[in-house]
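Below: the structure, in structure tokens.
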Amino acid sequence: MTTDRLLSVRHLLAAAVIGLALLAVGCKAADVPVGTLLGSDETPDLSRPTGKPEFDRLDPVLRSAFQEARAAAERDGVRLVITSGWRSRAHQERLYEDALVKYGSPEEANRWVATPDQSAHVTGDAIDIGPTDGAIWVGQHGAEFGLCQTFANEMWHFELLTTPGGTCPEMLTDGSVRR
Ligand SMILES: [Zn+2]
């Protein structure tokens, strides 16, 4: 086989692998009810007002924890974006109503979507982080910045649940067991 041929076989293989990866991400996205791992938009610098309430209404300590985590992740070659930050009560209510329709019962819906009274997004105390490798990075290193994954079924959802460098509490199974 010539070098050229080898190269084109390699290209084909690479394309197939990328295609499969995209397919996997696509399937995953279909299962993700609210928070999302898919985020291509850069999150702006949060050390100053951004003009976007989804960032500006987050707890300032959470904002700076994200900033520090993002800088550290970048040094590891991993990109972090906030795919969902602060949400209005009305927005959360719509998400919950949609979940009721999708899951058929309050019990099942509540495993995935909090009511406006429960949601830490509404109080500005939660961020969803993407893309997938970013969420995995924060799952591994987040405690250095106080960021902990809250629910076992939401790998993208983080809250300040420990002091920087501390230990994260055990994850809750899902949102239905919260408080
Ligand atoms: Zn979330």
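Just so it is clear, none of the values below were taken in a lab; they were calculated from the coordinates. Model, not experiment: these values are computed from the prediction. Note that each Cβ is placed from the backbone with ideal geometry, even for glycine, and that neighbours are counted across all protein chains shown.
Here are some notes:
- Extent along the principal axes, Cα only, for the stretch 95-171: 40, 25, 20 Å, with the longest axis given first.
- With θ taken as phi - 60° and the Karplus curve 6.51 cos²θ - 1.76 cosθ + 1.60 applied, the whole-hertz 3J(HN,Hα) list for the stretch 125-137 is 10, 9, 9, 9, 10, x, x, 3, 5, x, 5, 5, 4 Hz, x standing for glycine and proline.
- In order along the stretch 93-110, phi translates into HN-Hα couplings of 4, 4, 4, 5, 4, 4, 5, 4, 5, 5, 9, x, 8, x, 4, 6, 4, 5 Hz, rounded to whole numbers, per the Karplus curve 6.51 cos²θ - 1.76 cosθ + 1.60 with θ = phi - 60° and x for Gly and Pro.
- Fully extending the segment from VAL101 to ASP174, taken as 0.36 nm per residue of separation minus the present Cα-Cα distance, adds 24.4 nm.
- Between amide H atoms placed 1.01 Å from N, distances below 5 Å from ASP174 occur with ALA152, all of them 5 or more places distant or on a separate chain.
- Extension gain for the segment GLU108 to VAL61, taken as residue separation times 0.36 nm less the Cα-Cα distance, is 13.7 nm to one decimal.
- Cα→Cβ-extended label distance, 7 Å offset, between ARG48 and ASP117, nm: 4.2 nm
- Placed amide H near VAL81: partners under 5 Å, 5+ positions off or other chain: GLY130
- Taking θ as phi - 60° and the Karplus parameters 6.51, -1.76 and 1.60, the scalar couplings of the stretch 154-166 work out to 10, 5, 9, 9, 10, 9, 7, 10, 8, 7, x, x, x Hz in sequence order, x denoting glycine and proline.
- Based on every Cα atom in the stretch 61-116, Rg and the maximum pairwise Cα distance Dmax equal 15.9, 44 Å.
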